[in-house]
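No lab work stands behind these numbers, since they all come straight from the coordinates. Only a predicted model underlies this, so the values are computations on that prediction, with no experimental measurement involved. Cβ atoms come from the backbone with ideal geometry, glycine included; neighbour counts cover every protein chain shown.
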Amino acid sequence: MLIRQAKMRDIPDLIQLLKELFSVEKDFKFDPEKQKNGLELLIKKPATVAHVLVVEDKGQCIGLVTVQFVISTDEGAKSALIEDMVIRKDYRHRGIGSRLLDTMISWCRIRGIVRIQLLADKNNLLALRFYKKRGWQSTQLVGYRKYT
C-alpha cells in the first residue's frame, strides 16, 4: 500500500469513499457531482491552502484524508481542519487509518501547522473511539453551520 498525494484521476474512487463516509455522517447528503466539484477544488489548490492524501492498493484508492489551512488567532499561527477521513470498509482495522492520519499530521507539522482540528459525527462511535485512542481531545466547542 502506498500513501500519496491525490491526483485528478483518483476522483472516481474518492467519490465512492465519500459516499461511504456520508452514509454514516447524517449531516451530509451524498451528491456525486458536488463531491466531484469539491475534490477537484481541493486537489487543484496549492499545498499552502489544502492537501489531499490517499491510500492506494492495487491501483485503487482505499483511503482518503483532506486537510485545509486557516490562521488561528488562539494559536497565533497556522492551523488546519481535517474535512474528510475515511478508509474503505473492507480495509478497516488494519492500521491503515492510523498510518494515513500520522502521515497527514507529519505533513502538517513540517509546514508549521501547530494545531489540527476535525469534526466527527457524534453517532459515529467507531470514529470517535479511533480518534480518542490516537490522542485526539474533544473540546467544549459545538459545530454550527449556515447556508448562504
Give me the one-decimal nm value for the distance between modelled label points at Leu2 and Leu118, 7 Å along each residue's Cα-to-Cβ direction.
2.4 nm
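Scaled to the compact-protein estimate 2.2 N^0.38 Å, what is the alpha-carbon radius of gyration of segment 42-96, rounded to two decimal places?
Details: Rg = 13.9 Å, N = 55, 2.2 N^0.38 = 10.1 Å.
My calculation over the Cα atoms of segment 42-96 gives 1.38.
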What does the charge count around Gly143 come to, taking other residues whose C-beta lies under 14 Å from its C-beta (Lys +1, Arg +1, Asp -1, Glu -1)?
0
Scoring the chain by relative contact order with C-alpha pairs under 8 Å, at least six apart, yields a percentage of 21 percent
Can you work out ³J(HN,Hα) from phi for every residue in segment 113-126, in order, using Karplus 6.51 cos²θ - 1.76 cosθ + 1.60 and θ = phi - 60°, giving whole Hz and x for Gly and Pro?
6, 9, 8, 10, 10, 8, 10, 10, 4, 5, 9, 8, 4, 4
Show which aspartates and glutamates lie in cross-link reach of Lys36 when reach means a straight Cα distance below 19 angstrom and same-chain residues fewer than eight apart are skipped.
Asp10, Asp13, Glu20, Glu25, Asp27, Glu56, Glu83, Asp84
Would you mind checking the pairs Lys26/Lys132; Lys58/Lys132; Lys29/Lys146 and listing those with alpha carbons more than 27 angstrom apart?
Lys58/Lys132
Rounded to whole Hz, the Karplus (6.51, -1.76, 1.60) HN-Hα couplings of segment 52-65, x for glycine and proline:
10, 10, 10, 10, 10, 9, 6, x, 10, 7, 10, x, 8, 9
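Report the FRET efficiency, 1/(1 + (r/R0)^6), for Trp136 and Lys29, where r is their Cβ-Cβ distance and R0 is 25 Å, rounded to 0.05. Kindly include the intermediate steps, with their values, before the conclusion.
Values: r = 26 Å, r/R0 = 1.04.
Step by step, r from the Cβ atoms, then E = 0.45.
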Length released on extending from Asp57 to Thr73, taking residue separation times 0.36 nm less the Cα-Cα span
1.8 nm
